[in-house]
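The values are calculated or read from the model by the stated rules, or taken from the named source; none is laboratory data. All figures in this text were calculated on a predicted structure; none of them were measured in a lab. Counting neighbours? That spans all protein chains shown, and the Cβs are built from the backbone with ideal geometry, glycine included. Ligands, DNA and RNA are stripped out before the accessible areas are found, and what is left, the full protein with its side chains, is counted by its heavy atoms. Shrake-Rupley method; radii C 1.70, N 1.55, O 1.52, S 1.80 Å.
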Amino acid sequence: MSYSPGPSTPPPLYGTVPYPFQEPRSPTFHPALVTGNYDMRFPPTQHNLPFLPAELMAPASRPPLPSLAVRVGQLPWVCDVHPGQTSQRNPIVTVLDVLNAVYAHLRTAVTAEEYNTLDRQRKAQIYAAFESRVGTDSAQRPRGLRRVDFLPSPLLATSSLVLSRSPVPAPLPQVYTPPLFPHAPSDSLNSGVYIHPALASPALQYDLRFSPTPAGLPISPTVLKTAASNPPQPSLVLHIDQLPWALNVSPPRPSNPSDDVVVSVLDVLNAIHTYFHTVVTLDEYGVMDRQHGMEVRAAFARRVGLDASERARGFCRIDFLGAQVHAQGLVRAPERGNNAWDIVII
């Protein structure tokens, strides 16, 4: 009796990128959607993706499916993925279909209802991402917040994609365009003035040892030029718990007298830097106790190092902070007045 072999085993679905040898109990992603990185600032094209053409056209899941529901990391929305240009006889979702759908999904406008459910710190982070993305693009800015602004980085690790069984929510038609400040503080009913979220604690994170330049700040040049408060104010009063001197912030005199004079975000940062680098008088230094004086001298030595010009200037107010040289941001100081703020130092 002769032996006749059966039909040969078909090749794996993903060619040189094999799936686990065991048939999965539930759908799993193609390996390219587990290990790749994709820059979400640009549409998914061959020049912008670390994938081979064969991987892009391969089924996105095993087993191949006609649709997928995908979530991006911790974002609350579900992305519904359907096949694009594929065979009409056997339409299945490909890797490229997933990337195209996620790109469009993250460009969806955020509604005011969705945005207003977030806490103040999260809103400040999202607003900073929005400013970083749109910059001075006058066409993008009026389009408002997009879901991509909720990501911690525009570089999307495809490992953050997860399959979801949740139904896809119906999109809300209203597009949310951030106003001058994209959130109202919890105490807005008690005060008509609130601070720009880029300056609010804990979003600022400014190292007081250095001048406030765009290169050294997590704030876009566009934000630096905007008003520091809403409504805009001609002056602000800042206080530091560790120091006895108040800081009055006023904008520079405009070249055109008819221009409005309001304090900008950069005005606040420049005033803070000038304040802390003001030389301390002998009388001011003399009010300290012995222990504090030793801490100030140690901070002074660390700051000036071998810089002879700085050493000759003497003690500055920043030396009174010791090792705490970072401004975390501003918080309202209602006991000091309606337009007074404390600088949180860490």
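List of remarks:
- Residues of the range 222-277 classified as under 30 Å from His292 (Cβ atoms) and either polar (S, T, N, Q) or not in a loop (DSSP other than H, G, I, E, B) (or both), total: 17
- Selection of helices (runs of 4 or more DSSP H) fully inside the range 31-133 by the criterion of at least 3 residues being modelled with pLDDT of 80 or more and open to solvent by less than 70 Å² (accessible area, probe 1.4 Å) returns 95-106.
- Applying the set (1) closer than 29 Å to Arg133 by Cα; (2) open to solvent by 20 Å² or more (accessible area, probe 1.4 Å); (3) among the aliphatic types (A, V, I, L, M); (4) modelled with pLDDT under 80 to Ile219 leaves exactly one unmet item: (2).
- Restricting the range 134-154 to residues that are surrounded by fewer than 17 Cβ atoms within 10 Å (Cβ to Cβ) and closer than 26 Å to Pro31 by Cβ, the residue that is farthest from the chain's Cα centre (by Cα): Pro154
- Residues of the range 279-300 satisfying the condition of being open to solvent by 50 Å² or more (accessible area, probe 1.4 Å) and under 36 Å from the mean Cα position of the chain (by Cα): Val279, Glu295
- If you go through the range 318-332 and keep only what is of a type in the set (A, V, I, L, M) and surrounded by fewer than 17 Cβ atoms within 10 Å (Cβ to Cβ), you end up with Ala323, Val331.
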